[in-house]
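The values are calculated or read from the model by the stated rules, or taken from the named source; none is laboratory data. All of these numbers come straight from a predicted model, not from anything done at the bench. Note that we place each Cβ from the backbone using ideal geometry, even for glycine, and neighbour counts take in every protein chain shown.
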Amino acid sequence: MTINWYLIVSAMIFTIGAGGVLIRRNPLVILLCLELMLNAGNLALIGFSRMWGNGDGQIFALVVLVVAACEVAIGLGIIVALYRRRLPVDVDELIELRG
Amino acid sequence: MTIHLSIILWLPLAFGLVALVAPGRLARWISLLGALLVLAYTITLLADYDHAAGGLQYVTDVLWIRSLGIHYALAVSGLNLVLLATTSVVFTASAIWSLVAQPDGLRPGLYALLMGLAQSAVLGAFMAQDLALFVIFFDLMLVPFYFLIVIWGGPDRTSAVLRLFLYTLVGSLLMLVGAITTGVLAAHDGEPSFLLADLAKTPLGSSAQGWIFLGFALAFLIKMPAFPFHGWMPGGYSNMPIAVLAVFTAILSKVAAYGFLQIALPLFPDAAVRYQELIMIVAVASILYGSAMAFTVTSARLILGYSSIAQLGFIVLGIFAFDNRGADGALLQATNHAIVAGALIFVVAMLAARSGGSEEITDMGGIAKGAPAFAAVFLVLSFALLAMPGTANFIAEFMILLGTFESKLVYALIASIGVALAAFYALRLYVTSMHHRVGAKVKSFELTGREALVIVPLLLIVIALAIFPQFSLSPAEDGTSQALRATQQAQSAQTLAAARADRGTR
Amino acid sequence: MSLPLSAWLVLAFPLAGTLTIALLGKKLSPRAAGTIGTAAIGIAFIFAVITLVKLQQLPVDQRVVTSSLADLINVAGLKVQLGIYVDPLSTFMILIVAGVSTLIHLYSAGYMQTDQGYVRYFAYLNFFVFSMLLLVLAGNLVLLIVGWAFVGAASYMLISYWYRRDTAAAAGIKAFVINVIGDISLVLGTLFIFKTMGVVDYTQLFAGVHSAFAKDEPELVIGMLLILVGAFAKSAQIPFHTWLPDAMEGPTPVSALIHAATMVTAGVYLIGRLHTLFEWAPTAAAVGAIVGALTLLIAGSIGLVMTDLKRVIAYSTMSQIGYMIMGVSAAAYVGGFFHLMTHAFFKALLFMAAGSIISAMAGNQSLNNMSGFRKAMPFTFACFLAGGFALSAFPLFSGFFSKDTLLFEVGARGGWYMALYVAGYIGAAFTVLYTWRMIFRAFWGKPCEQATVLEQTGHSFHYPEHTNPHTGNEDDPSTQEVEDTEVGFPGAVHKIAEQTWQMRAAMIPLAVLAVIAGVVQLPFGLTNVLSDFLQPTFADTIVAYHPKNPGLETFGLILSSVIVFVFLTAAYIVWVRRPGSSSAIQARLQPLHTLFANKWYFDDLNSALIVRPVVWIGRWAKDSFERIVVYGAFIGGTSGLVKAGSAAVRAIQNGLLRSYVAVVVGGLSVVLLYFLVRGL
């Protein structure tokens, strides 16, 4: 089995994730889609790792997992804080940082 | 006793740092102590400098960045000797003023640090013998003033500082580009050196010199400021705290004038000759325009601001006459104007204290009543400002006009109109504030001891310079003849070439 | 004591007096300030006499002594010494300056007694005399310019002495600015000469001018013309004279000082000092002579119609200085300086007497209000008469001999100088008329209210409020601005000569001198004290020095006497015997009167040609240029560029998270596509 199929699946998941980030307005869903994109990347990394018979890619994937966990923790924290303050949970209305 | 220029250079900054961590009121005392120490050190320098030998003395030269050929090179010459002392005097006066007149100012520690940084930067720009080092110090001067205006400035400080920054940044960038190009073009076998002495040995090609010179000239003219690059001046002057403004108007403009003599003329002689007329036109325009504005505006500060434009015009005129007498006069004028203008800025504050806080001359009047000593001090300073014969300013302008007379008669004649206008605006300032009937808000009182502490030493220096102008002229002679040599050679070469071409066509 | 030392001490004492009075300030009692001030000048006069004695002991051909304290400038081929130049001419001048000034100080000590600013006044006064002495003794052109400008500054301070008066402050500025224009012109003239000769020292200038320049070379002529403008500005010659009448804003003794001893004579001295150069540039000298002649006519004509007592005397000064400028420019050196000397005596005397009358009038200066002071003020009257006889060149009085010597020397040159000679005698007629108009109106006729009060009570008259005579209608104090008397002004007690010994002590010697000073230089070589004394200074003259022509001299003396008698009689008829006939004459010559009364429109001309354009340019610079070009184009341009750039950047920062993502994704896609396309 060539690496192509792994990459195709990875690309599809990444595209779905990216599309979700672009079109959804709920931050929770955006966070989920981000997770999809990260995991698509992981899949590709592991696929390449296997192709070269080399562990580097897997180590990279582990690092990405750790980063993703941190990111989710912060992201969810922000979303909870938004709920607490009764702010709209909608990224299009959270535009305080506009220049 | 050996004198290390690095000590003079970094002493103000060191004391500023100490003042930053020192508690409250002590900070100003530490700042003053630092200024006094630097003053003492420069006076030692004045006494110790070997006038007979001339040239560069107390040279410090360390290769700083090898790959770029940038040296940490400092030296004292006839050009900067007196200017260094002047700088120390004005900074000391400013430190005394902020101690006695603004005892309850905000964050004295930070203020002391910034003033220390400013003094170090100015001293560095005066002493630097390396082009890159000069550019660094020249740009560094702006940083403390940015904060000094933003934190302690007047009501309109934001837009003032923005303008000041934009203007000077344009000049600085052009100068930076020019400096880098100079270093790269002048490099020997890929071995660049930014030492002024090295750069002067291998002048650039005539065309490259042209635009680099213009870049430097623009930077200096903006800093002075000269007409028509003075757009930052009204806002900037109106919004600086008095002690800061005194330093700014007295010293920073002189760094720019000094830059012409130290950098622009020796390094780019051909271009200097080519653009002589252009710069002289700017100088004469500054003289006339500054004078015309000075007798139109009503704010005492701005009268001084515009008069500075005119006075700096004279300095530039003297330098670009390419005549030793003109340049000697310009240096004398730089010293004298620094002291006089600095002192007059303090006088403005004293006037404001007597007229209900207003600096508009229309709100003043009759202040001389009950303040004869103050009136006398102010009158003598006004005479010094308007180039009354008998003051150093007169001798300076006499020599500047003499230098210009020899080379460019017309410019000298037009510039002399500026002298007449100076009499009018200086007297207008004096008469409207001190004479006439007492203004509505005016409550006059005699010169206080604290005010006298600042103004009397400056006055004595003005008088001493008037009686003994040789103090500045005699070291200047050596310095300016070095600075002008390349330009004068270029000038005679061009004249010769023109004459030859003329003969050829015939 | 050596000669240079005594000359330096002449300078040192007034300076020391200035500094002592200024530094001690309010700690000094007014009486002490007056004493110190007078003593300083008096001692200077004594040293001037010692200098004279020492100078006369030297052989005739060595009567030039120079001395230098230090180098003022010595750089790049320019050498200026802090040095003095003592020769008969400068000694002559310091004697007059110090001598007359001492008497004026003494007079002031009485006259200004009740003024608030008495101490300040004497500091200024001493400084004024110091400046004039410096100007006279200076050993080179640069130091001369220094003294020259100091004189201008001192005159400014004294004219604006009552500084709360708006009119006084304005007059001070006017005097100062016109003087500065003169200074600059003098500087430029010096530069012109320096450019060719490379020296500023008198000794070298006089020795080198003949080899450095060809006779009447344009370069030299331009330089000398510029120097002449300086002399005109200081000596109030047309068209630079407009400050002088306004200078009457100062206290009356100051007017005496400006007009008699210091300041206005500086121009005459300068031309005499530089006579070697002027003679080598005859065109410039001719311009000087013509301007002097015009001034003496124009000023004399204005003097005829002025109604302010001090202004009449002021225009008379202008006219007499016109004689001197004309004289020294036409190489009538003995006459010029002779007239300078006698004029110093009688003009100081006239101002002192006028001050006494103005005091008696309680500050009112208008001739229209004065009359009949003859009996009320006999001493003042006698002094005024002595001065008046001398001024109008009444035979055997000092002015008679000096004016005739001057005109004779001018006439003796023949040629076109005869036109100047004629102008001088026309001016003499004017002089007689305005002098006696003044005397007859003030002292003859029915005593005015002030004179009656003084005569009956022995106290001078007072208005309830002190008013500024230079505002409103000069004849009617109720229309004038009320003075801010806190700052000074001869206070409640007005001092008149009859009641103040200092004033009398100052006036008596001057009155005597005004009468007899002519003996030093009598016609037909009867006495030659002055011409012999000045001869060493003018030894190098290329024109005949004090020529001999008894025929012309006799003619002049007779003509002069006839003019005096005819016009004195006419004045007597018009103003005493048939009062009212003057207004009839005025009505008949209305256009002429208007021209004279408006001072030949010089003030308006200056205003239209110089002041207004300059002010207009200033206003234009401020209101239009600064706003449109500097703020609009430069600042607006720069900040506009920055603003446009930042607006573009800001548009991207819309705060929409998804648009940021879209940009990132889009950008990433473009990069990927690029590599894909390149890979293919």
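Determine, yes or no, whether B:Ala246 is within 30 Å of B:Ala197 (Cβ to Cβ) and crowded, with 24+ Cβ neighbours inside 10 Å. Against the criterion (within 30 Å of B:Ala197 (Cβ to Cβ) and crowded, with 24+ Cβ neighbours inside 10 Å), B:Ala246 does not qualify.
So which residues in segment C:648-664 are assigned to a helix (DSSP H, G or I) and either more than 7 Å from chain A (Cβ to nearest Cβ) or over 17 Å from A:Leu31 (Cβ atoms) (or both), if there are any at all? Those that are assigned to a helix (DSSP H, G or I) and either more than 7 Å from chain A (Cβ to nearest Cβ) or over 17 Å from A:Leu31 (Cβ atoms) (or both): C:Ala648, C:Val649, C:Arg650, C:Ala651, C:Ile652, C:Ser659, C:Tyr660, C:Ala662, C:Val663, C:Val664.
Residues of segment C:230-268 that are β-branched (Val, Ile, Thr) and surrounded by fewer than 24 Cβ atoms within 10 Å (Cβ to Cβ): C:Ile238, C:Thr242.
Taking the stated definitions as given, is B:Ser253 surrounded by fewer than 23 Cβ atoms within 10 Å (Cβ to Cβ) and either in a helix (DSSP H, G or I) or of a type in the set (D, E, K, R) (or both)?
No.
Checked against the criterion of being small (Gly, Ala, Ser) and out of contact with any Phe, Trp or Tyr (no Cβ under 9 Å at 6 or more places or on another chain), the candidates B:Gly109, B:Gly69 yield just one match: B:Gly109.
Just to be sure before I move on: is C:Leu186 at pLDDT 85 or above, within 14 Å of chain B (Cβ to nearest Cβ) and either part of a helix (DSSP H, G or I) or surrounded by fewer than 23 Cβ atoms within 10 Å (Cβ to Cβ) (or both) in the structure I sent? So C:Leu186 fits the description; yes.
Could you say whether any residue in segment B:380-387 is assigned to a helix (DSSP H, G or I), more than 12 Å from every other protein chain (Cβ to nearest Cβ), among the aliphatic types (A, V, I, L, M) and in contact with a helix residue (DSSP H, G or I) (Cβ under 9 Å, 6 or more places away or on another chain)?
Yes, there is a match, as at least one residue in segment B:380-387 is assigned to a helix (DSSP H, G or I), more than 12 Å from every other protein chain (Cβ to nearest Cβ), among the aliphatic types (A, V, I, L, M) and in contact with a helix residue (DSSP H, G or I) (Cβ under 9 Å, 6 or more places away or on another chain).
Here is the figure for segment C:152-165: residues that are facing another protein chain (nearest Cβ under 10 Å) and aliphatic (A, V, I, L, M) total 2.
Annotation note: of A:Ala40, A:Ala11, A:Ala18, A:Ala69, the sole residue that is small (Gly, Ala, Ser), at negative phi and more than 14 Å from chain C (Cβ to nearest Cβ) is A:Ala69.
Applying the criterion of being more than 22 Å from B:Gly342 (Cα to Cα) and of a type in the set (D, E, K, R) to the residues of segment B:230-282, the residue that is nearest to the other protein chains (Cβ to nearest Cβ) is B:Glu277.
Restricting attention to segment B:355-366, which residues are assigned to a loop (DSSP other than H, G, I, E, B) and either among the small types (Gly, Ala, Ser) or within 30 Å of B:Ile395 (Cβ to Cβ) (or both)? Residues satisfying the conditions are B:Ser355, B:Gly356, B:Gly357, B:Ser358, B:Gly365, B:Gly366. Residue pairs whose Cβ atoms lie under 7 Å apart, sitting 6 or more positions apart in sequence or on different chains, and linking a residue in segment C:542-570 that is within 17 Å of C:Leu522 (Cβ to Cβ) to a partner that is among the aliphatic types (A, V, I, L, M) and assigned to a helix (DSSP H, G or I), are C:His546/C:Val334; C:Pro547/C:Ala412; C:Asn549/C:Ala412; C:Leu552/C:Ala412; C:Gly556/C:Leu407; C:Ser560/C:Ala428. Any residue in segment A:81-94 that is closer than 21 Å to A:Leu38 by Cβ, within 14 Å of chain C (Cβ to nearest Cβ) and either surrounded by 11 or more Cβ atoms within 10 Å (Cβ to Cβ) or more than 21 Å from the chain's Cα centre (by Cα) (or both)? Scanning segment A:81-94, I find at least one residue that is closer than 21 Å to A:Leu38 by Cβ, within 14 Å of chain C (Cβ to nearest Cβ) and either surrounded by 11 or more Cβ atoms within 10 Å (Cβ to Cβ) or more than 21 Å from the chain's Cα centre (by Cα) (or both), so the answer is yes. Among the residues of segment B:418-437, those identified as touching a residue at least 24 places away in the same chain (Cβ under 8 Å) and closer than 26 Å to C:Ala138 by Cα are B:Val419, B:Ala422, B:Ala423. The residue of segment B:438-474 that is surrounded by the fewest Cβ atoms within 10 Å (Cβ to Cβ), among those that are outside any helix (DSSP H, G or I) and free of Cβ contacts under 8 Å to residues at least 40 places away in the same chain, is B:Thr448. Could you tell me which residue of segment A:1-27 is farthest from A:Val89 (Cα to Cα), considering only residues that are surrounded by 13 or more Cβ atoms within 10 Å (Cβ to Cβ) and touching a residue at least 40 places away in the same chain (Cβ under 8 Å)? Across segment A:1-27, the extreme among qualifying residues is A:Ile3.
Of the residues making up segment C:203-229, those that are crowded, with 24+ Cβ neighbours inside 10 Å and not hydrophobic (A, V, I, L, M, F, W, C) number 1.
Only one entry in C:Ala175, C:Ala168, C:Ala138 is facing another protein chain (nearest Cβ under 9 Å), aliphatic (A, V, I, L, M), in contact with a Gly (Cβ under 8 Å, 6 or more places away or on another chain) and touching a residue at least 40 places away in the same chain (Cβ under 8 Å), namely C:Ala168. When the criteria are applied in full, B:Glu477 meets the requirement of being of a type in the set (Asp, Glu), within 11 Å of another protein chain (Cβ to nearest Cβ) and closer than 26 Å to C:Gly77 by Cα.
Among the candidates C:Ala644, C:Ala587, single out the residue that is away from chain A (no Cβ under 14 Å), at pLDDT 75 or above and within 30 Å of C:Met438 (Cα to Cα).
Only one candidate qualifies: C:Ala587.
Checked against the criteria, C:Ile145 does not count as more than 21 Å from C:Thr38 (Cα to Cα), assigned to a strand (DSSP E or B), touching a residue at least 12 places away in the same chain (Cβ under 8 Å) and in contact with a helix residue (DSSP H, G or I) (Cβ under 6 Å, 6 or more places away or on another chain).
Criterion applied to B:Phe394, B:Phe398, B:Phe320 was being touching a Ser or Thr at 6+ places or on another chain (Cβ under 9 Å) and within 12 Å of chain C (Cβ to nearest Cβ), and the one residue passing it is B:Phe398.
Name the residue, out of C:Ala33, C:Ala70, C:Ala40, that is away from every other protein chain (no Cβ under 14 Å) and either in contact with a strand residue (DSSP E or B) (Cβ under 6 Å, 6 or more places away or on another chain) or in a helix (DSSP H, G or I) (or both). From the options C:Ala33, C:Ala70, C:Ala40, the qualifying one is C:Ala40. Of all residues in segment C:605-621, which are charged (D, E, K, R) and more than 8 Å from every other protein chain (Cβ to nearest Cβ)? The one that is charged (D, E, K, R) and more than 8 Å from every other protein chain (Cβ to nearest Cβ): C:Arg612.
Could we say that B:Leu5 is in contact with a Phe, Trp or Tyr (Cβ under 9 Å, 6 or more places away or on another chain) and either touching a residue at least 60 places away in the same chain (Cβ under 8 Å) or aliphatic (A, V, I, L, M) (or both) here? Yes, satisfied. Candidates C:Ala344, C:Ala376, C:Ala393, C:Ala382: the one that is touching a Phe, Trp or Tyr at 6+ places or on another chain (Cβ under 8 Å) and under 27 Å from C:Asp308 (Cα atoms) is C:Ala393.
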